[in-house]
Amino acid sequence: MKIVLTILMLFFTTGCTTYSAQADMAGVTIQPMTMMVAKPLPQTLYIVMDPSKVADDIAITKSPMTLTHFRGFLGDGLKKSLAPYFQNVEIVAPGFTAPKEAHVIADVKLDGVEARQFNAGQMIYTTLLMQWNFAIRPNQETDYLFSYSGIGNSDTTYTNLTEGVQQMLKSSMAGLLQGWTEKNAYQTLKEYYDKDAAPAEMPDSNEPASTDL
């Protein structure tokens, strides 16, 4: 009788789905929602993936499950999401060799991934949540022109851990692009660089010449 009850508990805990305890995200990708942009910014965006801020191997909070090679998975999602806005997007490590020409720097911080359970009658479903931060600045500035802090989550319909993590990242990228649009990040960057590119104002030729010696 105890064996039968144990099997039933395991069955219901996962919502009739068996999840692997580990997901290797190497080579796994998502296709995030992307926005249409008439003209990308001519600058390159360098997304800095700092190992001290974005772990590669992650122990999911409130769960025995773990993720490996997560940093590259997150970087790929960011690159695809922001590609329409820039001439080029590259994933780099801290201390990368920066070009002399004007470019944009993005910093990323992952606070963690957490598992939360929801009761639905006799079923218990698990949702994955990712709390993270993203900010960008022109390379010659120390202050960010755009910053975002958000949470992405999976739904409860995934059939394996890898699929759940993909859902979580797609939700995270959708939240980023919503914040990007609401805060007019593209327009803010465009105006910043247009201002630097504007020619110096010339004096009005109709003004009388100065008689000062």
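The values are calculated or read from the model by the stated rules, or taken from the named source; none is laboratory data. No experiment lies behind these values; they were computed from the predicted model shown. Don't worry about glycine lacking a Cβ; one is built from the backbone with ideal geometry, like all the others, and counts go over all protein chains shown.
May I ask you to verify whether Pro94 is out of contact with any helix residue (DSSP H, G or I) (no Cβ under 9 Å at 6 or more places or on another chain), modelled with pLDDT under 95 and over 17 Å from Leu176 (Cβ atoms)? No; evaluated as a whole, the condition is false for this residue.
Given the criterion within 23 Å of Met173 (Cα to Cα) and modelled with pLDDT of 95 or more, identify the matching residue among Met33, Met25. Full working, then the answer.
Values: Met33 fails: modelled with pLDDT of 95 or more.
Step by step, each of Met33, Met25 is checked, and only Met25 is within 23 Å of Met173 (Cα to Cα) and modelled with pLDDT of 95 or more.
The residues of segment 72-84 that are closer than 17 Å to Asn133 by Cβ and surrounded by fewer than 21 Cβ atoms within 10 Å (Cβ to Cβ) amount to a single one, Gly75. Would you check which residues across segment 34-45 are loosely packed, with under 13 Cβ neighbours inside 10 Å and among the hydrophobic types (A, V, I, L, M, F, W, C) and list them? Scanning segment 34-45 gives Met35, Met36, Val37, Ala38. Scanning segment 36-64 for residues that are β-branched (Val, Ile, Thr) and farther than 29 Å from Asn119 by Cβ, which turns out modelled with the lowest pLDDT? In this case the residue turns out to be Val37.
Residues of segment 57-84 that are in a loop (DSSP other than H, G, I, E, B) and of a type in the set (Gly, Ala, Ser): Ser63 alone.
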